[in-house]
Amino acid sequence: MTSDRAPDDPDRNLSPLRRPATRRRPGRRRLALTAVVLTATGTLLAGAALPAAHSAHSAPRRPLNILLLGTDERDTITTAEKRRFHAGGEPCGCSDSMMLVHLSARRDRISVVGLPRDSLATVPAYRDDAGRTRRAHPAKLNAAYQEGGPELAVKTVSAMTGVRIDKYLQVDFRRFIDSVNRAGGVEVCTPRRLRDSATKLDLRPGKHRLGGGPALQYVRSRHFDSSADLGRIQRQQRFLVQALRGLQARKLLADPVRTANLARTLLGSGPQGFGVLELARLAAELRKVPASSTEFATVPIAGFNPVRRDVGSTLAWDRGKARAVFGRLAKDQPLLVGRANPRPKDPPSPLGAPVPVRGSAYACK
């Protein structure tokens, strides 16, 4: 693959950044996972601030929790790009990629926990942009964004995890493609052939440098084996590690002008609630974090819930194990103890509690 360009007292009104979609066709959803590569850059780890969040100026040394939202919105890419990179179909207006990123107070550790899109969630009570009250109700986790935009997604994830979320970042197909291209592409590696019937990704064993379009195919693909979405989350995390390594090797984040240009590309023309300089300042704090000081996990899964007519088929979190993972984040503690360096399974087990791994275990050799 070559390089290419309380139900009675909702706490406040939510103001989605875009109007929710009126129809959902889960069978045709496509995962954007556009936020993954951007996390790696460091600049990406400074998503749009919530009204109550502290800015980088007021509290530069407190832990920072960021929700990354990769949306399936694709109307910003061309018809030719949709055809070439097999990114067509009708979007559901969902956040089909969600990762909770924790930055330690000392900014010397980054912890990332993947949140499967089909997790059963309880969407908290809220008022929509027309002032109507919606009571708390069950839904798939990725539907929170569809209903009330990024703020409702943040509120839902915070309630599920018990972790205070300070900021969010949302990225669509266009921002992802352009940001990867501006970063000079990302090298990925695979010990086995990866062929996906939906995205048409076809990678032979070995290393491959992917431009924006093929990179989008890579992070969206999930039709390789029985690990499905959990396997895709692992590949997205591998991609993140490689994106960070590449940016550090090219010293992009050490160059204020190039960092600002990348931040502008990421932010695009839509409202994000923060500016380029804020992103650049955080990037300066994070640009030297090595892969061995990053750690990755997926929320532990207990199995499948009984199918609900109002929601469909959903994944059930292992509440005890998940509580332990998020409890460590809330206390600003690492997921891995001491020098532990477990090796990841590829593909990961479809169900269970995947062992957290260091970013260095995901890096290409």
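The values are calculated or read from the model by the stated rules, or taken from the named source; none is laboratory data. Keep in mind the model is a prediction, meaning the values are calculated, not measured. Methodologically, a virtual Cβ is constructed for each residue, glycine included, from the backbone with ideal geometry; neighbour enumeration extends over all protein chains shown. Areas reflect the complete protein model, heavy atoms only, side chains present, ligands, DNA and RNA absent. Shrake-Rupley method; radii C 1.70, N 1.55, O 1.52, S 1.80 Å.
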Based on this model, can you work out whether residue 182 counts as in contact with a Leu (Cβ under 7 Å, 6 or more places away or on another chain), open to solvent by 40 Å² or more (accessible area, probe 1.4 Å) and closer than 23 Å to residue 73 by Cβ?
yes
Taking the stretch 137-173, which residues are farther than 19 Å from residue 117 by Cβ and touching a helix residue (DSSP H, G or I) at 6+ places or on another chain (Cβ under 9 Å)?
162, 164, 167
Residues located in the stretch 342-353, provided they are open to solvent by 70 Å² or more (accessible area, probe 1.4 Å) and either β-branched (Val, Ile, Thr) or touching a strand residue (DSSP E or B) at 6+ places or on another chain (Cβ under 8 Å) (or both):
343, 351
Test residue 39 against the criterion of being of a type outside the set (A, V, I, L, M), modelled with pLDDT under 85, surrounded by 22 or more Cβ atoms within 10 Å (Cβ to Cβ) and under 21 Å from residue 284 (Cα atoms), and give yes or no.
yes
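Would you point out which residue out of 131, 88, 93 is open to solvent by 20 Å² or more (accessible area, probe 1.4 Å), touching a strand residue (DSSP E or B) at 6+ places or on another chain (Cβ under 9 Å), part of a loop (DSSP other than H, G, I, E, B) and not aliphatic (A, V, I, L, M)? Lay out the reasoning, then the answer.
On the way: 88 fails: touching a strand residue (DSSP E or B) at 6+ places or on another chain (Cβ under 9 Å); 93 fails: open to solvent by 20 Å² or more (accessible area, probe 1.4 Å).
The conditions single out 131.
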Among the residues of the stretch 240-253, is there at least one that is touching a strand residue (DSSP E or B) at 6+ places or on another chain (Cβ under 6 Å) and not small (Gly, Ala, Ser)?
yes
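Suppose the filter is open to solvent by 60 Å² or more (accessible area, probe 1.4 Å) and of a type outside the set (Gly, Ala, Ser); does residue 214 pass it?
no
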Can you tell me which residue within the stretch 284-331, out of those that are over 23 Å from residue 120 (Cβ atoms) and small (Gly, Ala, Ser), is surrounded by the most Cβ atoms within 10 Å (Cβ to Cβ)?
291
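Pick from the stretch 284-315 the residues that are charged (D, E, K, R), under 20 Å from residue 246 (Cα atoms) and not in a loop (DSSP other than H, G, I, E, B): which of them is modelled with the lowest pLDDT?
Going residue by residue through the stretch 284-315, those that are charged (D, E, K, R) are 285, 287-288, 295, 308-310.
Filter again for under 20 Å from residue 246 (Cα atoms), leaving 285, 287-288, 295.
When the remaining residues are screened for being not in a loop (DSSP other than H, G, I, E, B), the result is 285, 295.
Values: 285: 79, 295: 97.
Among them, the one singled out is 285.
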Can you tell me which residue within the stretch 230-283, out of those that are open to solvent by 20 Å² or more (accessible area, probe 1.4 Å) and hydroxyl-bearing (Ser, Thr, Tyr), is modelled with the lowest pLDDT?
269
Please specify each residue of the stretch 201-213 satisfying the condition of being in contact with a Gly (Cβ under 9 Å, 6 or more places away or on another chain) and either more than 22 Å from residue 248 (Cβ to Cβ) or outside any loop (DSSP other than H, G, I, E, B) (or both).
209, 210, 212
Verdict on residue 356 being touching a helix residue (DSSP H, G or I) at 6+ places or on another chain (Cβ under 6 Å) and surrounded by 16 or more Cβ atoms within 10 Å (Cβ to Cβ)
no
Pick out the one residue from 209, 175, 193 that is out of contact with any strand residue (DSSP E or B) (no Cβ under 6 Å at 6 or more places or on another chain), surrounded by fewer than 17 Cβ atoms within 10 Å (Cβ to Cβ) and not small (Gly, Ala, Ser).
193
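Could you tell me how many of the residues in the stretch 180-200 are in a strand (DSSP E or B) and farther than 24 Å from residue 244 by Cβ?
Step one: filter the stretch 180-200 for residues in a strand (DSSP E or B), giving 186-190, 194-195.
From what's left, farther than 24 Å from residue 244 by Cβ: 195.
So the answer is 1.
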Take the residues in the stretch 323-365 that are assigned to a helix (DSSP H, G or I) and among the charged types (D, E, K, R), then tell me which one is nearest to residue 206 (Cα to Cα).
328
Taking the stated definitions as given, is residue 102 more than 28 Å from residue 296 (Cα to Cα) and either part of a strand (DSSP E or B) or open to solvent by 50 Å² or more (accessible area, probe 1.4 Å) (or both)?
no
